[in-house]
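Since the structure comes first, as structure tokens, the remarks are kept for the end.
Read-outs: derived from the displayed coordinates by stated rules, not from any lab. Remember, it's a predicted structure, so these values are computed and weren't measured experimentally. A quick note on method: Cβ atoms are made from the backbone with ideal geometry, for glycine too, and the neighbour counts reach across all protein chains shown.
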Amino acid sequence: MRILADRARCEGHGMCEALAPNLFRIDDDGTVVLLSEAVAAADEELIALAVDSCPVQALRLD
Ligand code: SF4
């Protein structure tokens, strides 16, 4: 499983970074950067919550 981020859609709300700062970072442009695409089994529930929490649906799991 991996995370996909649509940077064109991201509005920098930062919900993802607040929930999982080890995987998401908001760059200087206010857009999400993935620190890792791969999702460890132990992080799956947290990542699913981050994906669901994005207010503009810029994140998805593949
Ligand atoms: S929660 Fe969504 S809009 Fe906010 S920074 Fe993350 S990807 Fe971007």
Within the range 8-18, how many residues are more than 8 Å from the ligand (Cβ to nearest atom) and either closer than 10 Å to residue 54 by Cβ or assigned to a loop (DSSP other than H, G, I, E, B) (or both)? 1
Yes/no for residue 56 being more than 8 Å from the ligand (Cβ to nearest atom) and either surrounded by 13 or more Cβ atoms within 10 Å (Cβ to Cβ) or of a type outside the set (Asp, Glu) (or both): no
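State the number of residues belonging to the range 21-62 that are of a type in the set (S, T, N, Q) and not in a loop (DSSP other than H, G, I, E, B). Working first, answer last.
Looking only at the range 21-62, we keep the residues that are of a type in the set (S, T, N, Q), and these are 22, 31, 36, 53, 57.
This time we only want the ones that are not in a loop (DSSP other than H, G, I, E, B), so: 53.
Result for the range 21-62: 1.
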Taking the range 27-53 only, how many residues are within 13 Å of the ligand (Cβ to nearest atom), within 10 Å of the chain's Cα centre (by Cα) and either closer than 12 Å to residue 10 by Cα or aliphatic (A, V, I, L, M) (or both)? 8
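Specify which of the listed residues (48, 18, 8) is without any contact (Cβ under 8 Å) to a residue 24 or more places away in the chain, small (Gly, Ala, Ser) and surrounded by fewer than 12 Cβ atoms within 10 Å (Cβ to Cβ).
Testing whether each residue is without any contact (Cβ under 8 Å) to a residue 24 or more places away in the chain, small (Gly, Ala, Ser) and surrounded by fewer than 12 Cβ atoms within 10 Å (Cβ to Cβ) leaves just 8.
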